[in-house]
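Coordinate-derived values only; no laboratory data. Everything numeric in this text was worked out from a predicted model, so none of it was measured. Virtual Cβ from ideal backbone geometry, glycine too; neighbours counted across all protein chains shown.
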Amino acid sequence: MKTENVEITTLEDGLRIVTQKADFNNVFIGAWVKVGLVNESEEENGLSHFLEHMVFKGTETKSALELSDYIEKLGGECNAYTGTEETVIHTSLLPEYWRFGVDFLADVIQNSTFPKYEIERERNVIIQEIAMYENDQNSEMYNQALSNMYSGDPMGRTILGPRSNIQRFTRDDLIAYYNKWYTPDNIVISACGNIDHEEFVSYIKEQFRLNFRTSVKSEIRPSSFKVAESRKENIFSQSQLLLTAEGPNFTNSNDKDRLTFQLLWNIIDGGMSCRLFQEIREKHGLAYHVSLVVNCNENTGFFGVYAALEKKNIEQAVLLSKQVLESVKNDIKEEELEKAKNNILYGLARKYDSCSSIATSNGQRTLFGLGYKNYDEVREIIESITMDDVKECAIKYIPNIDEDRYSLNVMTPYEDAEK
């Protein structure tokens, strides 16, 4: 398939390769593996992230130090992250060194050895990472909310996992999980920069062995949004709330649906002059930080209002947030819609000016089968969205104030000073 400078090739074993040739002074190459939080059982929780750390800790030919130095001696960077539905390992280099980026990815995806001494050392690293996020009030609020909205489901757990799991995972656990999910048909290699597609594919074929790992994946247990209330105390000196409702997902929506929802979101919270900020902060002075949170995954999605504020203002902020959300069902001005379109188009233009953003978008869309659309195609969809489309979207997703469709998540400081 070829669209402008984007080309996609699927190899015989299912490995997908997507490149976009663009005039940048660097190249960005990443491997998108379709495995993350949602793939884990309760006993496996944290294993995707632990594995992401361990693929950097040595291969059949290189030590952990040699792996990182292989890229960094060229002035490049290598890193990785784990999400709810994907693990991404990526490199960024000067254009003339792109083959080294492919070499690096091929090595860690096919040949990681998981030395026992590195595993033991990394346990403490990850436990310190858990502690770091526990000291971040936004992270703690978000984790509390997910646990409430998706209680008992994979999405209700944390990506890092509990300490007990991190302490328990063995080398055999890591190898089994690596073999299960890091398979050719579960991986997309995405690259952006001054790269020739055919040359890139040819080199991928040289570095990635055909059928380097057999697929033995199991079914993923879906997560479903739940209406519930959670109120907890914590060590932080400021209260927080996250008021959420079920939103769109990849499976049951198309590009126009998602872009319409994005316009709706932007009308509510597209800057300092938009409804949410004006109502909560400017008009009533209830919070310094207030924003809309949106999360759209393959089989579930949610959106909601986040605010950091005083405990005494929580109930008023919840009511006002519901009123702001409900207001867009019947009262959207043409200038608000036009402003939202301009905001989204500007953000889209900025994304197309970034090598890493282009490669990331292409990698994600290919991984989840969303297809590729260039800037002009996306712009055409945005400009075709009408006021009626946005109002219909608002009616579909935003609950009435008196409906029992919101989950409320509140975190307040400990009342007891000793705690």
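The figures follow:
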item	result
Subset of segment 163-186 [touching a helix residue (DSSP H, G or I) at 6+ places or on another chain (Cβ under 7 Å) and not basic (K, R)]	I166, Q167, F169, D173, L174, Y177, Y178, W181, Y182
Of all residues in segment 282-335 being in contact with a Ser or Thr (Cβ under 7 Å, 6 or more places away or on another chain) and not in a strand (DSSP E or B), the one that is surrounded by the most Cβ atoms within 10 Å (Cβ to Cβ)	T300
In segment 361-403, the residues that are in contact with a helix residue (DSSP H, G or I) (Cβ under 9 Å, 6 or more places away or on another chain), β-branched (V, I, T) and in contact (Cβ under 8 Å) with a residue 12 or more places away in the chain	V378, I381, I382, I385, V390, I398, I401
Members of segment 300-324 found to be within 25 Å of D255 (Cβ to Cβ) and in contact with an Asp or Glu (Cβ under 9 Å, 6 or more places away or on another chain), listed by number	T300, G301, F302, F303
Lone qualifier among I159, I195, I235 - being on the phi < 0 side of the Ramachandran plot, in contact (Cβ under 8 Å) with a residue 24 or more places away in the chain and surrounded by fewer than 14 Cβ atoms within 10 Å (Cβ to Cβ)	I235
Pairs with Cβ under 6 Å, 6+ apart, first in segment 243-264 and farther than 11 Å from F302 by Cβ, second among the charged types (D, E, K, R)	F250/E298; T251/E298; T260/D389
Whichever residue in segment 61-82 is assigned to a loop (DSSP other than H, G, I, E, B) and of a type in the set (G, A, S) and, among such residues, is nearest to Q110 (Cα to Cα)	G76
Checking S384 against (1) over 25 Å from Y150 (Cβ atoms); (2) surrounded by 14 or more Cβ atoms within 10 Å (Cβ to Cβ); (3) small (G, A, S), the condition it does not meet	(2)
